[in-house]
1. Take Gly54 and decide whether it is closer than 21 Å to Val103 by Cα and exposed (fewer than 15 other Cβ atoms within 10 Å of the Cβ).
2. Among (1) under 26 Å from Gly87 (Cβ atoms); (2) assigned to a loop (DSSP other than H, G, I, E, B); (3) more than 14 Å from the chain's Cα centre (by Cα), where does Glu29 come up short?
3. Of Gly99, Gly76, which residue is at positive phi and buried (at least 16 other Cβ atoms within 10 Å of the Cβ)?
4. Restricting the range 7-20 to residues that are surrounded by fewer than 18 Cβ atoms within 10 Å (Cβ to Cβ) and not polar (S, T, N, Q), which is modelled with the highest pLDDT?
5. Of all residues in the range 33-79, count the ones that are touching a Ser or Thr at 6+ places or on another chain (Cβ under 7 Å) and farther than 17 Å from Val109 by Cβ.
6. Using beta carbons and a limit of 7 Å, which pairs, at least six apart or on different chains, have the first residue in the range 25-38 and more than 12 Å from Val94 (Cβ to Cβ) and the second one of a type in the set (Lys, Arg) and not in a strand (DSSP E or B)?
7. For the range 100-111, enumerate the residues that are assigned to a loop (DSSP other than H, G, I, E, B) and either of a type in the set (S, T, N, Q) or without any contact (Cβ under 8 Å) to a residue 12 or more places away in the chain (or both).
8. Considering only the range 60-79, I want to know if a residue exists there that is modelled with pLDDT under 95, within 17 Å of Glu18 (Cα to Cα) and more than 12 Å from the chain's Cα centre (by Cα).
Amino acid sequence: MRALTTQRETERTETATEDIHIRNYDTRESHGLWVRVVEDGDCVFERSYRLRPGEAESELDALPAGEYDVEVELDGLRRRVGRCEVGEGPERTVLVEMGNGTVSVTEGVVG
């Protein structure tokens, strides 16, 4: 006899997690950004982006839950590295923010 799956169970398993969130706070400049995610010395994710002023972009279900070193480079000039935990919930999302010539890598997306 096969068990029935409820709609709520189906919705819960199909919900994507936001693993990386990138925001360009610059109001006048577009920026190029390179992101590389490393686990135990191995690159597990790498991508380049071009974000227009005020634009944001997300990577959904790109990484399994875990702790990662995240390297970013803004316009080929400014480089930052952060250690972030990725998993379910906004507090376990890699947050990359840029604007006014700076870039940061932190863990957790709020409001």
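The values are calculated or read from the model by the stated rules, or taken from the named source; none is laboratory data. All figures in this text were calculated on a predicted structure; none of them were measured in a lab. Methodologically, a virtual Cβ is constructed for each residue, glycine included, from the backbone with ideal geometry; neighbour enumeration extends over all protein chains shown.
1. On the way: closer than 21 Å to Val103 by Cα: yes; exposed (fewer than 15 other Cβ atoms within 10 Å of the Cβ): yes.
When the stated conditions are applied, Gly54 passes them.
2. Unmet condition: (1).
3. Numbers: Gly76 fails: buried (at least 16 other Cβ atoms within 10 Å of the Cβ).
Going through Gly99, Gly76 in turn, just one is at positive phi and buried (at least 16 other Cβ atoms within 10 Å of the Cβ): Gly99.
4. Ala16
5. Of the residues in that region, 5 qualify.
6. Hits for this filter: Ser30/Arg52.
7. Taking the range 100-111 first, the residues assigned to a loop (DSSP other than H, G, I, E, B) are 100-101, 108-111.
Hits for the range 100-111 are Asn100, Gly111.
8. No: the range 60-79 contains no residue that is modelled with pLDDT under 95, within 17 Å of Glu18 (Cα to Cα) and more than 12 Å from the chain's Cα centre (by Cα).
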